[in-house]
Amino acid sequence: MIEVVCNDRLGKKVRVKCNTDDTIGDLKKLIAAQTGTRWNKIVLKKYTIFKDHVSLGDYEIHDGMNLELYYQ
Amino acid sequence: MGSSKKHRGEKEAAGTTAAAGTGGATEQPPRHREHKKHKHRSGGSGGSGGERRKRSRERGGERGSGRRGAEAEARSSTHGRERSQAEPSERRVKREKRDDGYEAAASSKTSSGDASSLSIEETNKLRAKLGLKPLEVNAIKKEAGTKEEPVTADVINPMALRQREELREKLAAAKEKRLLNQKLGKIKTLGEDDPWLDDTAAWIERSRQLQKEKDLAEKRAKLLEEMDQEFGVSTLVEEEFGQRRQDLYSARDLQGLTVEHAIDSFREGETMILTLKDKGVLQEEEDVLVNVNLVDKERAEKNVELRKKKPDYLPYAEDESVDDLAQQKPRSILSKYDEELEGERPHSFRLEQGGTADGLRERELEEIRAKLRLQAQSLSTVGPRLASEYLTPEEMVTFKKTKRRVKKIRKKEKEVVVRADDLLPLGDQTQDGDFGSRLRGRGRRRVSEVEEEKEPVPQPLPSDDTRVENMDISDEEEGGAPPPGSPQVLEEDEAELELQKQLEKGRRLRQLQQLQQLRDSGEKVVEIVKKLESRQRGWEEDEDPERKGAIVFNATSEFCRTLGEIPTYGLAGNREEQEELMDFERDEERSANGGSESDGEENIGWSTFSASSTTILDEEPIVNRGLAAALLLCQNKGLLETTVQKVARVKAPNKSLPSAVYCIEDKMAIDDKYSRREEYRGFTQDFKEKDGYKPDVKIEYVDETGRKLTPKEAFRQLSHRFHGKGSGKMKTERRMKKLDEEALLKKMSSSDTPLGTVALLQEKQKAQKTPYIVLSGSGKSMNANTITK
């Protein structure tokens, strides 16, 4: 279980607990549950936009990493 | 770091209780990040910071966990170097406690607003709702060192690793050697000999031993067989062994195998080796035999065909619609993809009895196909031929000459010798070109009176057409005076009779015409004139009785009445006759009627007026010539309002001033005493009557064309006016272009392409009267009719 911090620099900062083998889509759903937006409107970025079907482990997202939260 | 010192004091005062507070950190670490120059100091206080942390745990109710994460990074960077061994252990203990506490109080953190987070249970609930598996909680705890509490990893000793690898290799090599030796040990070397080779006694011994063993083995086998028989297994065993003998492969076993080549590719007298085609291990399909060389050749041919780039699809290929066997070939859509979708289906044939194949069936099929093809009828009709304008001799034959219906006439033979002299006048008659005219009417002739005299027998008025004349039915002639004194003959030649008839007729006509020609041409003229006069008189005579009896009203007469007298009438001098007539008639009128003279005059005037063509009025433009003519007429009559209605336009504010010339009004120049006198400097107050008045004010800005402006554009307008300068050339051009594009966009039709393609297609459809449109076609269908729109 890792905890990922998502910050959209407009005041919304979320810490989400998830597994390393979760996909980005799952992570987005968890974020959406906490922030109140729709998960398909969320864009996660860390120098590159993360694709929905790749797992967190493949993206080497570790515990405590800060991800940028954007909206589309 | 002044604040840090403050904290130090506070924390020490607070006590050393290791409260299971939230994992809030001190304010110090964030300061580490902010004041990078104080890094050394942060390093120094890092050690003590660790101790302080346990004290500070009770504080930090407001500390966001987000900060903790950020701090962790900072801390890891700065503190990593200074970890003492004591700290990790105690920190690990504390960390677990802190983590527990953190989870418990995590929910309270959500209200902090810094970074919201859910506890594990809540997260698991959410995940269950979303359909994800729950969090793996244990994984992280076992890991040595998260980001927050990094622990030194085990030192990777490369030397030790290498040694281990070497050991492993050695062991493996030794093992191999051992095994080899074992195997080789069994083989006899040259030096070693069996004793029984040289010594007979030993040999005898050996042979006896062998024999013994053989006997023993036989006994054992017998025993086993008996046992098998007991159990009833012997038959099975025999079958097994028996089958193996039978399984010797021979040609008869090849029956039914498929060979995946066309039978034509095998030539007589050639030997070709066929091998089993590769297939997957788990595939249960039957075996297929192929020849490797043939396969390659076929593939090469296919590639050559593909490279030729033949068209995939011939849209108008009307041939090949019938199969070889004279059956309709089913035409599938997109047949070029069938190979890709369904897979390749190569030619193949099966081997028959004894592993042979002779292709007899195929040859038979070919013969049948050829036969059917010969029998088949082509549906293509003969193409259109150019029709000849003249009848061909063949068609002439089909015409049947219709014989004239000739009645058998019993007549006395007329011994009339036909001479050439008699025929002469006939010749003239046939050349007469006067075949009558419609005007004169059928049958009406000037010489009608004369003819009537001449004709003893009243006949229907003969027409001018001499041919018609000649076509009189022979019956009438029969009634005529039979030629006297001619010997009676029972049967006569019909053609001669006819000839006689025609001759007589012709003679008669000629006589009449001669008589007619004797008349003077002058008489004719007189006649014509008289006729004309009679016609005219006829009209006027018609009028007179009308006029005498009643007053006639009609639109034209009323119109003319309104016109009034024409003072210039008759001055041109063209109207001598008419005037006389007019006078005469006027006198008549007056004497007769004495009534509405003006009317009479009018009427007279009009009746004679009608004959004239000159009018004093302008010629009215002919209205049916077009809209322009009609408009001109209306305009002349004053029916049109020519003043253009001015549409109420919004008075636009001043146009933006060009940037070249501008001046800024200086309002501070109004400083003279006299103008300032008018200003009111007193107290102003809102009107009490207008207390409840809350108007809904909506301020709209418009540009010079009347369009409503967006706030941005309005502001731009304002600033232009304020600064006294407008945009430059490029900017205004761009703006104009944008406005034009917007206008175009509005005008664009929403249901059609900009070029009106849909409308065009529909028109074409209507013209062709088909529900479809042929977009393109082969050369056959393109002709002049279809190319034009």
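Here are some notes:
- One residue stands out in region B:734-764 among those that are of a type in the set (Gly, Ala, Ser) and surrounded by fewer than 13 Cβ atoms within 10 Å (Cβ to Cβ): the one that is farthest from B:VAL774 (Cα to Cα), namely B:ALA743.
- Selection of region B:259-315 for residues being under 23 Å from B:ASP338 (Cα atoms) and touching a Lys or Arg at 6+ places or on another chain (Cβ under 7 Å) yields B:GLU260, B:GLU285, B:VAL288, B:ASP312, B:TYR313.
- Residues in region A:12-54 that are in a strand (DSSP E or B) and within 12 Å of chain B (Cβ to nearest Cβ): A:LYS13, A:VAL14, A:ARG15, A:VAL16, A:LYS17, A:CYS18, A:THR23.
- For the residues A:ASP52, A:ASP8, A:ASP22, the requirement of being touching a residue at least 60 places away in the same chain (Cβ under 8 Å) and charged (D, E, K, R) singles out A:ASP8.
- Residues within region A:56-70 that are more than 11 Å from the chain's Cα centre (by Cα) and within 12 Å of another protein chain (Cβ to nearest Cβ), tallied: 4
- Helices (runs of 4 or more DSSP H) fully within region B:128-242 that include at least 1 residues being modelled with pLDDT of 85 or more and surrounded by fewer than 10 Cβ atoms within 10 Å (Cβ to Cβ): B:158-186, B:200-231.
- Residue under evaluation A:ARG9, criteria (1) surrounded by fewer than 16 Cβ atoms within 10 Å (Cβ to Cβ); (2) within 13 Å of chain B (Cβ to nearest Cβ); (3) under 10 Å from the mean Cα position of the chain (by Cα), criterion not met: (3)
The values are calculated or read from the model by the stated rules, or taken from the named source; none is laboratory data. Remember, it's a predicted structure, so these values are computed and weren't measured experimentally. Every residue, glycine as well, gets a Cβ built from its backbone with ideal geometry; the counts of neighbours run over all protein chains shown.
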